[in-house]
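Trainee: Quick one: the structure is below, and I'll ask about it shortly.
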Amino acid sequence: MQKSLHHELDSLSLSTSSENENPLNILLPAYETLWRIVLRCFLEISFCHSSDVAAEWKDVLSQFLKNMTAEQFGKRIGKFSARDIVFEALRLYPPTKRIYRQDTDNGSVFAVDVEFIQRTEEIWGTDGNDFRPERWFELESKGNVAYKEAWMPFGKGKFLCPASKMAPMMVGMLVGCLIDAFGSDHWVLEGEGVKDVISRGMPLDNGREAFECLSLRRVIDEKFDV
């Protein structure tokens, strides 16, 4: 398969430099938005909330890593599942903040503000700007159906993204792996923008260039680090 991909890429006269030796280096940039949601979900769970609450979320994702099936993804432990955690991250930080469509007859451009709709108080409550995975259990328990139409991180109707079923589980897997590796107290967040992460009241910056200066430092004790 890799040889076939190389052949097709060569026919497009693309660069054959070392960085393009692996066709995935050309294909994977399309998943940039996935990594943005992975980062924000990881930050929310690891650095933005009390340790007791975060520990419950981490445990749910840990259980999913041990059994990465659709059933386990949707299995609630208490009031939330791995899917609820990912869906809440996708609600607050939609990969595509706005969807645009153009009328081919007159050239008019129409936009749907996905980010606004997925945070609006009328549907999500007064805490719509907060990361609360348990809200999905609460909405279902109340028989609320408006949220189903308002949640559209992958678009709607015939324009639904083909990754809508696979991507949430990928996000759950990647966030779970990051937490497994860096989610302990032995790692601290550093760099410009840390205050924006740990101070609550507003969602994290969902911009493309946000958090470029953040880094993780491993702490051995209070005086020494590596």
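Trainee: State yes or no: is Glu121 farther than 21 Å from Phe73 by Cα and exposed (fewer than 13 other Cβ atoms within 10 Å of the Cβ)?
Mentor: Values: farther than 21 Å from Phe73 by Cα: yes; exposed (fewer than 13 other Cβ atoms within 10 Å of the Cβ): yes.
Judged against the criteria, Glu121 is a match.
Trainee: Among the numbered conditions (1) under 16 Å from the mean Cα position of the chain (by Cα); (2) of a type outside the set (Lys, Arg); (3) under 28 Å from Ser199 (Cα atoms), tell me where Asp127 comes up short.
Mentor: Asp127 satisfies all of (1) under 16 Å from the mean Cα position of the chain (by Cα); (2) of a type outside the set (Lys, Arg); (3) under 28 Å from Ser199 (Cα atoms) except (1).
Trainee: A further question follows. Being of a type outside the set (A, V, I, L, M, F, W, C), over 27 Å from Asp52 (Cα atoms) and without any contact (Cβ under 8 Å) to a residue 24 or more places away in the chain is the requirement here; does Lys148 meet it? Let's see the steps before the verdict.
Mentor: Working: of a type outside the set (A, V, I, L, M, F, W, C): yes; over 27 Å from Asp52 (Cα atoms): yes; without any contact (Cβ under 8 Å) to a residue 24 or more places away in the chain: yes.
Answer is yes for this residue.
Table: residues versus (1) at pLDDT 90 or above; (2) in contact with a Lys or Arg (Cβ under 6 Å, 6 or more places away or on another chain); (3) buried (at least 18 other Cβ atoms within 10 Å of the Cβ).
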{"position": "Asn20", "(1), (2), (3)": "no, no, no"}
{"position": "Leu24", "(1), (2), (3)": "no, no, no"}
{"position": "Val60", "(1), (2), (3)": "yes, no, yes"}
{"position": "Leu65", "(1), (2), (3)": "yes, no, no"}
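Trainee: Within the range 126-141, how many residues turn out to be assigned to a helix (DSSP H, G or I) and under 28 Å from Ala111 (Cα atoms)? Walk me through it before giving the result.
Mentor: Filtering the range 126-141 for residues assigned to a helix (DSSP H, G or I) gives 135-141.
Now restrict to residues that are under 28 Å from Ala111 (Cα atoms): 135-136, 139.
Of the residues in the range 126-141, 3 are assigned to a helix (DSSP H, G or I) and under 28 Å from Ala111 (Cα atoms).
Trainee: In addition: Output the residue which, of all residues in the range 166-184 that are without any contact (Cβ under 8 Å) to a residue 60 or more places away in the chain and farther than 20 Å from Glu32 by Cβ, is surrounded by the most Cβ atoms within 10 Å (Cβ to Cβ). Before you say what the answer is, go through the steps one by one.
Mentor: Residues of the range 166-184 without any contact (Cβ under 8 Å) to a residue 60 or more places away in the chain: 166, 181, 184.
Checking which are farther than 20 Å from Glu32 by Cβ leaves us with 181, 184.
On the way: Ala181: 10, Ser184: 12.
Within the range 166-184, the match that is surrounded by the most Cβ atoms within 10 Å (Cβ to Cβ) is Ser184.
Trainee: Further, regarding this structure: Residue check, Arg132 against (1) crowded, with 18+ Cβ neighbours inside 10 Å; (2) within 19 Å of Arg36 (Cβ to Cβ), all met but one. Which one?
Mentor: So the condition that Arg132 fails would be (2).
Trainee: Something else about it: I'm trying to understand the selection: among the residues of the range 142-159, which are aliphatic (A, V, I, L, M), part of a helix (DSSP H, G or I) and surrounded by 13 or more Cβ atoms within 10 Å (Cβ to Cβ)? Spell out how you get there, then give the answer.
Mentor: Just the residues of the range 142-159 that are aliphatic (A, V, I, L, M), to begin with: 145-146, 150, 152.
Cutting the leftovers down to part of a helix (DSSP H, G or I) gives us 146, 150.
Listed by number, the list holds a single entry, Ala150.
Trainee: Just checking, how many residues over the range 49-77 are assigned to a loop (DSSP other than H, G, I, E, B) and polar (S, T, N, Q)? Break it down stepwise before answering.
Mentor: Quick first cut of the range 49-77, residues assigned to a loop (DSSP other than H, G, I, E, B) only: 49-50, 67-69, 75-76.
Within this subset, residues satisfying the condition of being polar (S, T, N, Q) are 50, 67, 69.
Total meeting the criteria: 3.
Trainee: For the structure I just gave you, tell me whether Asp180 is assigned to a loop (DSSP other than H, G, I, E, B) and of a type outside the set (A, V, I, L, M, F, W, C).
Mentor: Numbers: assigned to a loop (DSSP other than H, G, I, E, B): no; of a type outside the set (A, V, I, L, M, F, W, C): yes.
Taking the combined requirement at face value, the residue does not satisfy it.
Trainee: Where residues in the range 185-220 are in a helix (DSSP H, G or I) and charged (D, E, K, R), which of them is farthest from Thr33 (Cα to Cα)?
Mentor: By that ranking, first place goes to Lys195.
The values are calculated or read from the model by the stated rules, or taken from the named source; none is laboratory data. Only a predicted model underlies this, so the values are computations on that prediction, with no experimental measurement involved. Cβ atoms come from the backbone with ideal geometry, glycine included; neighbour counts cover every protein chain shown.
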